[in-house]
Every structure is written in C-alpha cells, then in structure tokens.
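The values are calculated or read from the model by the stated rules, or taken from the named source; none is laboratory data. Every value quoted in this text rests on a predicted model; they were computed, and no experiment measured them. Cβ coordinates were reconstructed from backbone atoms using ideal geometry, including for glycine residues, and neighbour counts include every protein chain displayed. Note: accessible area is taken over every heavy atom of the protein model, side chains too, but ligands, DNA and RNA are not part of it. Shrake-Rupley method; radii C 1.70, N 1.55, O 1.52, S 1.80 Å.
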Amino acid sequence: MKKVIERAPSVDEAIEKVVKKYGLEENEYTINVLERGFQGIFGLFSKEAVVEVSIKRTYFERRLREFLEDILHVVDPGVKVSVRSSGRSFFVNVSSENVGRLIGRHGKTLGALQHITMIFLNRLSDTKLNVILDMGDYREKRKKSLEKIVEEAVKKALSEKTKVTLDPMFAFERRQVHKLVKKYKGVTSYSVGVEPYRRVVIEYIGTKREGRRRHDIKESI
C-alpha cells in the first residue's frame, strides 16, 4: 500500500522517525533494512542507516475507521464503523440510529462522505484506492429502486424511439444503471455532464447494437 525509505544515524532511529510521522501502531508495518549504517571512527567516515518501511493495509483500515468516526460522532456519538478491504478496495459499513440523516436525501450525504473518505485514503497511499461506503443497506435498496427507474426509462425509449435522460446520480449508481441497461435489446446507455450533475442517458438504437457511439464507451460511467 505504501513504502517509506528513511535515513538516520541508526536503524532504530530511522524506524522511530517513520512510526512517529505516520502514527503507526504495532503490526501495521514491516521493516527491510537496506543499510545498517556505520558510526565511523571519532565521527569520521560515518554512514547513515537506511530502512524501508512497508505500511500494511491494517493501518489504512484503522485510519479510515477513525476518520469516519470523528466526522460521524458529531451526528451520532453511538455510531459504529466497520472496515474491511480486498485488493485496492475498502468496504465501509456504518451503523447508526440516525442512519437516515447520515444518508441524506437521495443518498447525497452518503455520496459526499464516500468522496471525502476516498480523498483522505488516497492521500495516505502510494497507489490509488477505492472506498465503497454503505449505511443501513442503502446500496441494496437503491439497487432495487434503480431497477424500476431503468425499466420505465427503457420502455419509454423503445416505445417512442427516443432517448431518456435520468436524474443526476453518483458514480456507483451510474455503473449499476449501465449494467441494467445491457440486459435490454435495442437500447444503449452513456453518461453526460460533469460531477455532481452527471446523468445517464438511455437511448434507442434499434437493432444496431454494434453501432454504439464513440462517447457511449468513453463516457460509460
């Protein structure tokens, strides 16, 4: 997830510098000593120790959990945040008595929180990481709602041989819409606009499935 190279008069001092800088806890990092260093003779010919500290995913899980808890405790002191990760994705689940307030109308607060946590986590890492935030099974409920929205939009696009533009959605919702649209023949989908007003367009294409427009692929999300 992240590797840090540090120099100091001794190996222990180099490790301590990294631990303090990043607030690492035990078992959240591994050490590879690149140079043990040499104190020299009467201060002459000394050589610094060099260590490579690899920060493990447990560190990022903890920092992400603490970050969200600090924010959400303002709304609900009893909020509980759990984090697990797989590959480069971090799955966060929030339990709260005020889950409706935390989700916000049409999931706007949830989406904003996910965006903020994504920025926070990626500032800690050397590689791009993804955060998937859920509260009160909102994503599953939203998925069922999107299925109905897509069904109605596809019916209109097919019957009127036109295109239907949906309301602005978050990226994870647009991805779900695109997957749903692929199940139907005679229509395609693509995204237009800029965040946070980016929308999905479901367009009638008849039997020309191979004739998808260039932006259908380029702006699929």
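Compute, for the chain, the length of the dipole vector about the Cα centre, with Cβ point charges of +1 (Lys, Arg) and -1 (Asp, Glu) only. Units Debye, rounded to 20.
Working: 45 positive and 31 negative charges, 326 e Å.
The calculated dipole for the chain is roughly 1560 debye.
To the nearest 0.05, what FRET efficiency results for K144 and E13 with a Förster distance of 41 Å applied to their C-beta separation?
Values: r = 57 Å, r/R0 = 1.38.
Plugging the Cβ-Cβ distance into 1/(1 + (r/R0)^6) gives 0.15.
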For the chain, treating each Cα as an identical point scatterer without solvent, what Debye log10 I(q)/I(0) comes out at q = 0.14 1/Å?
-0.92
Region 4-71: chymotrypsin sites (Phe, Trp or Tyr not before Pro) in DSSP coil with no more than 12 other Cβ atoms inside 10 Å:
F42, F45
Based on DSSP H runs of at least 4 residues, each adding -39500 (n - 2.57), what is the mean residue ellipticity at 222 nm of the chain after dividing by all its residues, to the nearest 500 deg cm²/dmol?
-12500 deg cm²/dmol
Options V19, Y184, S85, ranked by Cα towards positive dipole end of the chain, top entry (Cβ charges):
Y184
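If I take R0 = 35 Å and measure r between the Cβ atoms of R175 and T207 in this structure, what FRET efficiency does the formula 1/(1 + (r/R0)^6) give, to the nearest 0.05?
According to the calculation, E is roughly 0.85.
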Any residue on another chain or 5+ positions along whose placed amide H is under 5 Å from the amide H of I205 is listed here as V187, T188
Please turn the phi angles of region 90-102 into ³J(HN,Hα) values with the Karplus equation 6.51 cos²θ - 1.76 cosθ + 1.60 (θ = phi - 60°), one per residue in order, whole Hz, x for glycine and proline.
10, 9, 10, 10, 10, 10, 7, 6, 10, 4, x, 5, 6
0 to 90° range, to nearest 10: angle between helix 57-72 axis and the chain longest Cα axis:
60 degrees
Estimated dipole of region 16-110 in Debye, rounded to 20 [Cβ of Lys and Arg +1, of Asp and Glu -1, Cα centre]
360 debye
Region 118-124 - phi-based ³J(HN,Hα) in whole Hz, Karplus 6.51/-1.76/1.60, Gly and Pro as x:
5, 5, 4, 5, 6, 6, 8
Please list, by residue number, everything in region 115-136 whose backbone N is under 19 Å from a paramagnetic label point 7 Å out along Cα→Cβ of R198.
115-123, 128-134
In the structure displayed, which of K17/K108; K20/K128; K3/K47; K128/K183 lie more than 29 Å apart, Cα to Cα?
K17/K108; K128/K183
Report, to the nearest 10°, how far helix 138-160 tilts away from the longest principal axis of the Cα atoms in the chain, using its own Cα long axis and a range of 0 to 90°.
40 degrees
Förster radius 25 Å - calculated FRET efficiency between E48 and E26 (Cβ-Cβ, nearest 0.05):
0.50
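Using a 1.4 angstrom probe on heavy atoms only, work out the carbon and sulfur share of the accessible area of the chain in %. Intermediate values should be presented prior to the final figure.
Values: 6990 of 13760 Å².
Using a 1.4 Å probe with all protein chains present, the chain comes out at 51 percent carbon and sulfur.
Per residue, what accessible area does the chain have, given a 1.4 Å probe and all protein chains present, in Å²?
Details: 13760 Å² over 221 residues.
The answer is 62 Å² per residue.
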Helix 171-181 vs. the chain, principal-axis angle (Cα, 0 to 90°, nearest 10)
40 degrees
